[in-house]
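Student: Once you've had a glance at the structure underneath, I'll fire off some questions.
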There are 2 protein chains.
Amino acid sequence: MNTRPTGRPVRHRERPPYDRDSLLEVAVVVFNERGYDRTSMEDLARRLGLSKSSIYHHVAGKEELLGLAVGRAMDALFAVLDEDPAADTTATARLRHVVRRSVEVLAAELPYVTLLLRVRGNSGVERRAQEQRREFDRRVAELVERAATEGSVRDDIEPHLVSRLLFGTVNSLVEWYRPEGGLSVAVLSDALTAVLFDGLTGRPARRSGPAADIPDRAAPN
Amino acid sequence: MNTRPTGRPVRHRERPPYDRDSLLEVAVVVFNERGYDRTSMEDLARRLGLSKSSIYHHVAGKEELLGLAVGRAMDALFAVLDEDPAADTTATARLRHVVRRSVEVLAAELPYVTLLLRVRGNSGVERRAQEQRREFDRRVAELVERAATEGSVRDDIEPHLVSRLLFGTVNSLVEWYRPEGGLSVAVLSDALTAVLFDGLTGRPARRSGPAADIPDRAAPN
DNA sequence: TTGTGTACCGACCGAACATTCGGTTAGCGT
DNA sequence: ACGCTAACCGAATGTTCGGTCGGTACACAA
């Protein structure tokens, strides 16, 4: 057996050492599998191939891990709202863009967004996350309102209700979508925007305004 | 002060005694507020106005409470699928009916359904619930497939994907809908079915087939 | 009066929990 | 050779958890 003078197994270069990011990446997956509350630091340590106490070398505690994860998810989501709006496009086009890009971000940052959406407002970290989600909601509702005023989006439903249905559908993707499962993000976001904007009964090619209203059909990746 | 010979406060008839159902009703609300895992039996006892040990007089444990709750939710949901299909209606009409009735059931049994949808498959109770949810999903996907074959529902999207989007939207209601908040179930289910079947850009009155396709517009309650 | 069943309680228990502490190890600059 | 630091560890600490136990209080029936 290959042993050191101390008799303990050689660790040297079996795996690169952890830093905050690589540790968080693993932690978030475990949190999603077992649920944040049900995941013990012991569970986490086992999965990392570390001892419990070593985790505290990288982060202050369990809650900081949660904070880092939901922070990352919120940043990615807000970035979508702030993407350059090309000044002259309609609110409807922007809304469609925000929905599509949100699906893409959700897919790209799936474990982080999943964790964010499951937060229940117990600790301070969680309450801050919920506050940010409400802010996101408000800005989308604003966009819906302007789109309705433009006339290319139905105005018989309250804008706030529309934005809740919209992002209810988008957010529900975390419950089943797995990027490695064969369904591409492009096909997914096409299907989702098609159903939400044109309806289940809509003919595939139908559109409701000038072609410019649908500027960002995704290319297959 | 009104005291008994024992010097302890009078309990008699201050509140009706609990049975399994009334206890469950409170428990489910607390589970949803704090999350099942984060809710201790102590939390529960405090909210019930009981001691921890008294809870065990009514139920075998925490997990039985969860089981009772998700069982009740699943029963209510499956009942919708088994409602008499009037033999001659189209699959599209039945699909629309199932979506609308699911919204109604979700609203009527909100705390129970909420708990069901948050179950993560850790214990046996939770795994059984998830198995039942998959069965529900399968039956809806079947319905979508038949509707697509009928031609009144778009067939450029996989039936299973459609059913996931449909029930993703429906299920997302538990994240924000509160029956006491002024929005009636009728308005909600009208809005939801309108967006999903006719699209955000759809004109309010448009329909895609014969009027019989939309047989169950809800009356205001 | 005595017995029975339902509803309830305080004191307690072992296990699991997040976190802390006092270290060791290995690589690197000097 | 020396000291420094990042990365890591085993063994504890105090706390909280779900659950148990041996009772009491009281309505009601015989």
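The values are calculated or read from the model by the stated rules, or taken from the named source; none is laboratory data. All values reported here derive from a predicted model rather than from experimental measurement. No Cβ is skipped: glycine too gets one built from the backbone with ideal geometry, and neighbour counts run over all protein chains shown.
Student: Please determine, by comparing only the residues of the range B:68-102 that are among the basic types (Lys, Arg) and within 14 Å of chain A (Cβ to nearest Cβ), which one is nearest to DNA strand D (Cβ to nearest atom).
Tutor: By that ranking, first place goes to B:Arg100.
Student: Let me ask you something else. Just one of B:Ser163, B:Ser189, B:Ser152, B:Ser184 is assigned by TED's automatic domain parsing to the domain that holds B:Leu117, among the polar types (S, T, N, Q) and farther than 20 Å from B:Arg94 by Cα; which is it?
Tutor: On the way: B:Ser163 fails: farther than 20 Å from B:Arg94 by Cα; B:Ser189 fails: farther than 20 Å from B:Arg94 by Cα; B:Ser152 fails: farther than 20 Å from B:Arg94 by Cα.
Result of the check over B:Ser163, B:Ser189, B:Ser152, B:Ser184: B:Ser184.
Student: Is there a residue in the range A:80-101 that is within 23 Å of A:Val29 (Cβ to Cβ), crowded, with 19+ Cβ neighbours inside 10 Å and assigned by TED's automatic domain parsing to the domain that holds A:Ser172?
Tutor: No, that holds for no residue.
Student: Looking only at the range A:44-70, filter to residues that are touching a residue at least 12 places away in the same chain (Cβ under 8 Å) and within 7 Å of DNA strand C (Cβ to nearest atom); which one of those is nearest to A:Leu23 (Cα to Cα)?
Tutor: A:Lys62
Student: So how many residues does the range B:88-107 have that are in contact (Cβ under 8 Å) with a residue 40 or more places away in the chain and either touching a Lys or Arg at 6+ places or on another chain (Cβ under 8 Å) or of a type in the set (A, V, I, L, M) (or both)?
Tutor: Final tally of qualifying residues: 8.
Student: What about B:Thr169, is it among the β-branched types (Val, Ile, Thr), facing chain A (nearest Cβ under 10 Å) and either surrounded by 16 or more Cβ atoms within 10 Å (Cβ to Cβ) or under 14 Å from B:Ala73 (Cβ atoms) (or both)? Reasoning before the result, please.
Tutor: On the way: among the β-branched types (Val, Ile, Thr): yes; facing chain A (nearest Cβ under 10 Å): yes; either surrounded by 16 or more Cβ atoms within 10 Å (Cβ to Cβ) or under 14 Å from B:Ala73 (Cβ atoms) (or both): yes.
Against the criterion (among the β-branched types (Val, Ile, Thr), facing chain A (nearest Cβ under 10 Å) and either surrounded by 16 or more Cβ atoms within 10 Å (Cβ to Cβ) or under 14 Å from B:Ala73 (Cβ atoms) (or both)), B:Thr169 qualifies.
Student: Anything in the range A:135-150 that is at the interface with chain B (Cβ under 10 Å from one of its Cβ atoms) and surrounded by fewer than 18 Cβ atoms within 10 Å (Cβ to Cβ)? List them, or say none.
Tutor: A:Asp137
Student: For the range B:38-77, which residues satisfy the criterion of being under 16 Å from the mean Cα position of the chain (by Cα) and exposed (fewer than 15 other Cβ atoms within 10 Å of the Cβ)? Lay out the reasoning, then the answer.
Tutor: Quick first cut of the range B:38-77, residues under 16 Å from the mean Cα position of the chain (by Cα) only: B:66-77.
Of everything in the range B:38-77, just one residue is under 16 Å from the mean Cα position of the chain (by Cα) and exposed (fewer than 15 other Cβ atoms within 10 Å of the Cβ), namely B:Asp75.
Student: Quick check on the range A:15-67: of everything there that is among the acidic types (Asp, Glu) and within 14 Å of chain B (Cβ to nearest Cβ), which residue is farthest from DNA strand D (Cβ to nearest atom)?
Tutor: Applying the first criterion (among the acidic types (Asp, Glu)) to the range A:15-67 yields A:19, A:21, A:25, A:33, A:37, A:42-43, A:63-64.
Narrowing the set further to residues that are within 14 Å of chain B (Cβ to nearest Cβ) leaves A:33, A:37, A:43, A:63.
Working: A:Glu33: 20, A:Asp37: 10, A:Asp43: 14, A:Glu63: 14 Å.
If we take residues in the range A:15-67 being among the acidic types (Asp, Glu) and within 14 Å of chain B (Cβ to nearest Cβ), then A:Glu33 is farthest from DNA strand D (Cβ to nearest atom).
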